[in-house]
Ligand SMILES: C[S@@+](CC[C@H](N)C(=O)[O-])C[C@H]1O[C@@H](n2cnc3c(N)ncnc32)[C@H](O)[C@@H]1O
């Protein structure tokens, strides 16, 4: 395993970039730019090669493991809910064991004051929450991401699922994590129409699902909206932090790092098609910062 010198990462931009390029796991990166690396690989293999205590924040949107031939509604049409082979459940115990491996690895590579966000639905979030606690993470919040434009429920036999849960946890109970409280309080997030001027940000976030404009380079079935990841990064990281996404999908976390600016991002995605569309997205965004951190502080 490579030893990474993270001592000067806040002051030495250049050193960080070269440190990131040293993170060479089993394969060469699929894509590498100044502040963004994407591996087309199984995250379990890549994570095992990342030095311990080296990552500031992890955003993980693991497989929901719900693709078992159900139906949903899209644009008024009944469509199969199957998202891909990667989203099929292998049964309760095997799913739990899978989540345990990557969560354990995430704990090892996080800095003591580092935090992890896990996004999920009732299909997987309870297993992940249980494992966070079992692995001695300290849970900070469970945020409800409310989707005002969620698809209707076709069976009409239970409530329409219209939110996902985001667990936010710190590696060490006593360490001091990053929370940009003032930015969140005063930040201009137009999606939150109910937010009052200068009020504390609450744990229910109103954010529509990713629109067509976020899918111009291809579609990922569970793509998160850019504004959700922008908010997470603005809330829980600072300039020059290293952010890792072990299930990067259509590259929303990388795109948000580019959008916010000043962060480093390591993405891992097992499906080459999703890597391809992520890179097209990154190339299109590179060089233009869409959200300025400074304007929110
Ligand atoms: C829920 S999606 C993530 C979506 C992503 N947050 C986005 O906004 O596009 C999960 C992704 O994990 C990938 N995946 C599944 N198992 C994996 C593994 N073992 N290693 C790396 N990626 C994996 C899937 O191909 C899928 O793209």
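Some points to look at:
- The packing ranking, built from the mean of other Cβ atoms within 10 Å per residue, places the peptides 250-260, 219-229, 131-141 in the order 250-260, 219-229, 131-141, highest first.
- Between residue 150 and residue 239, the modelled labels are 3.9 nm apart [label points 7 Å from Cα along Cα→Cβ].
- Whole-number percent relative contact order across the stretch 109-229, with pairs defined as alpha carbons under 8 Å at least 6 apart: 29
- Spin-label proximity, residue 280 to the stretch 196-225 - amide N less than 20 Å from point 7 Å beyond Cα toward beta carbon: 210-225
- The Rg/Rh ratio of the stretch 80-154, with both radii computed over alpha carbons and Rh defined as the Kirkwood radius, is 1.01.
- Residues of the stretch 251-273 with amide N under 16 Å of a point placed 7 Å along Cα→Cβ from residue 135: 268
- Site pair residue 157 and residue 122 shows an inter-label distance of 1.4 nm when each label is modelled 7 Å from Cα along Cα→Cβ.
- Spacing of the two label points (7 Å from each Cα toward its C-beta) at residue 52 and residue 198, in nm: 4.7
Quick note: the coordinates plus some simple rules give every number you see, no bench work behind them. Bear in mind that the values here come from a model prediction, so they are computed numbers and not experimental data. Positions of Cβ are generated from backbone atoms using ideal geometry, with glycine treated the same way; all protein chains shown enter the neighbour counts.
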